[in-house]
Amino acid sequence: MSDQVTVAMSGITKRFGGVHALRGVDLTLRAGEVHALLGENGAGKSTLINILSGVVTDHGGEISIGGQPVRFAGPAAAQAAGIATIHQELDLVPALSVAENLVLGREPRTRLRTLDRRAMARAAQDWLGPLGARIDPRRPVGSLRVGEQQLVEIAKALSLDARVLVMDEPTAALADAEVRRLMSTIRALRERGVAVVYISHRLEEIEHIADRATVLRNGEVAGTLRPDRADRQRIITLMVGRPAEALF
């Protein structure tokens with residue numbers, strides 16, 4: 001993890017009707033950092049990520065990328081700025097091949113204007129290879145396991161030069177072996193200088209993979225800490241607002 005700030009969100013506020021979803025939230029993401037975002041359901045995690053990814057555009061506060069202020073008009077603008085989000089419902093076309101999904105909307109063509117499938121396969125291998133993914137680019141995405149589909153989504157984000165990758169509960173539907181592979185992939189992303197926002201309720205994963213963690217509670221930042229140096233009870237206390245032992 002470097003000290004280079006990739007994204008800074010400052011004083012982010014959002015109200016839905018009479019409900020404050022976020023109140024003055026600050027979040028800083030550094031190059032090559034895995035930054036966990038923690039909080040109970042309704043704490044504001046989804047709203048904050050939707051603002052970062054351009055889904056929610058009507059909000060208070062400021063976002064800067066590489067020190068330059070930005071204001072996203074929508075998800076396409078956020079993606080163009082290097083921010084990619086992998087949701088629990090993956091954004092892939094099951095009937096298309098891995099390679100076709102990776103180049104969807106920007107397919108290479110031959111001189112005769114037909115699809116250049118060899119170039120597609122080479123590009124797919126170039127993007128999947130650094131992630132340690134041994135997936136045949138000709139296979140239909142619908143035939144892949146969930147963990148393999150997730151790797152295709154990550155490769156797609158890297159092919160679009162993503163500098164920030166948001167992962168929303170990425171292990172929710174994965175088997176243990178797939179979780180281990182994902183953790184290895186996240187370490188590879190860290191080495192490439194990608195800032196990863198990792199959202200999960202599984203504290204053992206956070207302690208294992210995250211460099212820093214920001215805890216949200218009732219739409220506010222309850223604290224930012226190093227998970228590998230923090231007592232788990234302290235994390236739970238920040239999340240719920242009272243000592244962990246009082247919950248049992």
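The values are calculated or read from the model by the stated rules, or taken from the named source; none is laboratory data. Owing to the predicted nature of the structure, the values given are computational and were not obtained by experimental measurement. For neighbour counting, all protein chains shown are included, and Cβ atoms are generated from backbone atoms with ideal geometry for every residue, glycine included.
Give the residues of segment 58-117 that are among the charged types (D, E, K, R), within 24 Å of residue 20 (Cβ to Cβ) and part of a loop (DSSP other than H, G, I, E, B), sorted by residue number.
Initial filter on segment 58-117 (among the charged types (D, E, K, R)): 58, 62, 71, 89, 91, 100, 106-107, 109, 111, 113, 116-117.
After this cut, where a residue has to be within 24 Å of residue 20 (Cβ to Cβ) as well, the list is 58, 62, 71.
Within segment 58-117, 58, 71 qualify.
In contact with a Ser or Thr (Cβ under 8 Å, 6 or more places away or on another chain), crowded, with 17+ Cβ neighbours inside 10 Å and under 22 Å from residue 180 (Cβ atoms), is that true of residue 206? Considered against the rule, which asks whether it is in contact with a Ser or Thr (Cβ under 8 Å, 6 or more places away or on another chain), crowded, with 17+ Cβ neighbours inside 10 Å and under 22 Å from residue 180 (Cβ atoms), residue 206 comes out as yes. For segment 44-51, the criterion of a residue being touching a strand residue (DSSP E or B) at 6+ places or on another chain (Cβ under 7 Å) and in a strand (DSSP E or B) is satisfied by no position. Put simply, of 151, 144 the only residue that is within 30 Å of residue 41 (Cβ to Cβ), among the aliphatic types (A, V, I, L, M), within 16 Å of the chain's Cα centre (by Cα) and buried (at least 16 other Cβ atoms within 10 Å of the Cβ) is 151.
Selection of strands (runs of 3 or more DSSP E) fully inside segment 164-248 by the criterion of at least 2 residues being within 22 Å of residue 48 (Cα to Cα) and of a type outside the set (A, V, I, L, M, F, W, C) returns 212-217, 220-225. Restricting attention to segment 1-30 and to residues that are modelled with pLDDT under 95 and either among the aliphatic types (A, V, I, L, M) or not assigned by TED's automatic domain parsing to the domain that holds residue 241 (or both), the residue that is nearest to residue 186 (Cα to Cα) turns out to be 1. Name every residue in segment 64-104 that is aliphatic (A, V, I, L, M) and more than 17 Å from the chain's Cα centre (by Cα), in order of residue number. Across segment 64-104, the qualifying residues are 70, 73, 93, 95, 96, 98, 99, 102, 103, 104.
Contact annotation: residue pairs with Cβ atoms under 7 Å, 6 or more positions apart or on different chains, pairing a residue in segment 161-181 that is at negative phi with a partner that is acidic (Asp, Glu) and buried (at least 16 other Cβ atoms within 10 Å of the Cβ), are 171/205.
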